[in-house]
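The values are calculated or read from the model by the stated rules, or taken from the named source; none is laboratory data. In this text the structure is predicted, and so the values were computed from the model without any measurement. Cβ placement follows ideal geometry from the backbone for every residue including glycine, while neighbour counts extend to all protein chains displayed.
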Amino acid sequence: MNKLLVILFIGVLTVSCSDNSIEKKGFQVSEVSEDESGQKVVGLKMDSLNLETRPRNVLLTFNAEHRLTPIYKVNYNKKTKKPFTGSNAYHTNWSDNYGDGNKWNNNFMPGFEAVYGYNFVNVSHYNNSTKVENKLFDEPVLIKTLYYPAFSKDTLNYKPVNRDYYMISV
């Protein structure tokens, strides 16, 4: 038993001391940088990158005047150098067996649709009546999930469920 433990310990020690060949990711950040005018820049502003972004499809909401458009970071294929973006994936509720009076239309929860995607960095909100577009965030953020009022007519206990707000996890 002791020999087995010694052999196991030596094996773990050997593996842990070996050169790990994991590919390095990210980017190098220097401590001090200069802007276009030659002024020294220190702190978070110097770490911020200009990200190329691209909108995807339009999401219909319960309020017919409001439209949402997910915005994704543009990525480039390492081999072909062709650009690509993430795409929308939807959280759904696969079971619609909640009894009479409960119609969720496969939405995440009654009255809410939920969308997520790879490198989802902002959301464009367009008001169709005022023709005004605004982004929900001033700077790109990494969005995990966007919850928005469902376009479908959902019910819970025979009562319509209408949401009038958005939730975003970033």
Assess whether Y72 counts as being aromatic (F, W, Y), in contact with a Phe, Trp or Tyr (Cβ under 9 Å, 6 or more places away or on another chain), buried (at least 16 other Cβ atoms within 10 Å of the Cβ) and at pLDDT 85 or above.
yes
Return a yes/no flag: does the range 82-94 have any residue that is in a loop (DSSP other than H, G, I, E, B), at pLDDT below 80 and surrounded by fewer than 13 Cβ atoms within 10 Å (Cβ to Cβ).
yes
